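Single-structure report; data block below.
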Amino acid sequence: MALDGKSVLVLTTNYGTEQDELEKPVAALRDAGARVVIAAQKQEAIATLVLDKDPGDKVEPDTTLAEATSDGYDAVVVPGGTINADQLRIDEDAQRLVTAFAQEGKPVASVCHGPWLLVNSELTEGRDMTSYQTLMEDLVNAGANWTDQEVVVDTGGGHTLITSRHPGDLDAFSSAIIRTLEG
């Protein structure tokens, strides 16, 4: 498999993560052979939402954000969901983790509202990015070059940054992560 030997860490809260933005990239990465570990704020089931309002699947995390490190992982993925992203952006452990991946030159991938965490972690300055349309001003104000595309892969800035707009872009988003990890 293309990603045998690769490991990916996914960061989330325990409530409000957009179901497809968590489950689809995880499934695609696992199907490509990667080991995927989901880290949540608590070692309790993650209550996902569908389109930010309807109850979705419950997903069991593998570890907590506090216990997780960047060691042994090749990339980090940050799903969206408005409630998830709003809480994740102020979580010190989530900030510590994305900053560590970036400083180590490892890919950081984020979709929809997930880039809010990148704003609060000061990882957007001068980067080409996309996001859910309502985050455009936040990203521009944080120094990003925002564009309305299904996926943007920025290889500058010391680490690859992969961003997408919404659940409709998940195939392109997942494919971009896989291609990046393939080298």
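The values are calculated or read from the model by the stated rules, or taken from the named source; none is laboratory data. Please read all numbers here as calculations on a predicted model, not as lab measurements. Heads up, the Cβs are rebuilt from the backbone with ideal geometry, glycines too, and the neighbour counts pull from every protein chain shown. Heavy atoms of the whole protein, side chains included, go into the accessibility calculation; ligands, DNA and RNA do not. Shrake-Rupley method; radii C 1.70, N 1.55, O 1.52, S 1.80 Å.
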Quick one: length gained pulling residue 155 to residue 179 fully straight, 0.36 nm per residue minus the C-alpha distance?
-> 7.4 nm
Long-range amide H partners of residue 8 with built H, under 5 Å | 35, 36, 37, 74
Which listed residue (9, 73, 157) has the Cα farthest towards the positive end of the charge dipole for the chain, taking +1 on Lys and Arg C-beta and -1 on Asp and Glu C-beta about the Cα centre?
-> 73
Hey, rough spin-label estimate for residue 45 and residue 31, points 7 angstrom out along Cα→Cβ, what's it come to in nanometres?
-> 2.5 nm
Share (percent) of C-alpha pair distances in the chain greater than 26 Å works out to 18 percent
For the chain, what relative contact order do you get, as a whole percent, if you take Cα pairs closer than 8 Å and at least 6 residues apart?
-> 20 percent
Heavy atoms of residue 178 accessible to a 1.4 Å probe, total area in Å² rounded to 10 = 30 Å²
Might you tell me the accessible area per residue for region 1-66, computed with a 1.4 Å probe and given in Å²?
-> 45 Å²
Could you sort 24-34, 78-88 so that the peptide with the highest average Cβ count within 10 Å comes first and the rest follow in order?
-> 78-88, 24-34
Using a cut-off of 18 Å between alpha-carbon atoms, which aspartates and glutamates can reach residue 53, once sequence neighbours fewer than 8 places away in the same chain are excluded?
-> 18, 20, 21, 23, 86
Filtered hits (aspartates and glutamates, Cα-Cα < 18 Å from residue 106, offset >= 8 within chain) -> 4, 71, 74, 93, 122, 125, 128, 154, 182
Region 42-116 and region 163-183 have their Cα centres apart by a whole-number Å value of 16 Å
Heavy-atom accessible area with a 1.4 angstrom probe orders 155, 17, most exposed first, as 155, 17
Difference of contour (0.36 nm per residue) and Cα-Cα distance, residue 64 to residue 125 = 19.1 nm
At a 1.4 Å probe radius, which order do 1, 129, 136 fall into by accessible area, largest first?
-> 1, 136, 129
Note, ³J(HN,Hα) from phi for region 41-48, Karplus 6.51, -1.76, 1.60, rounded to Hz, x at Gly and Pro | 5, 10, 7, 9, 3, 8, 8, 7
Any lysines with Cα under 16 Å of the residue 24 Cα? List them, leaving off those in the same chain fewer than 8 positions away.
-> 58
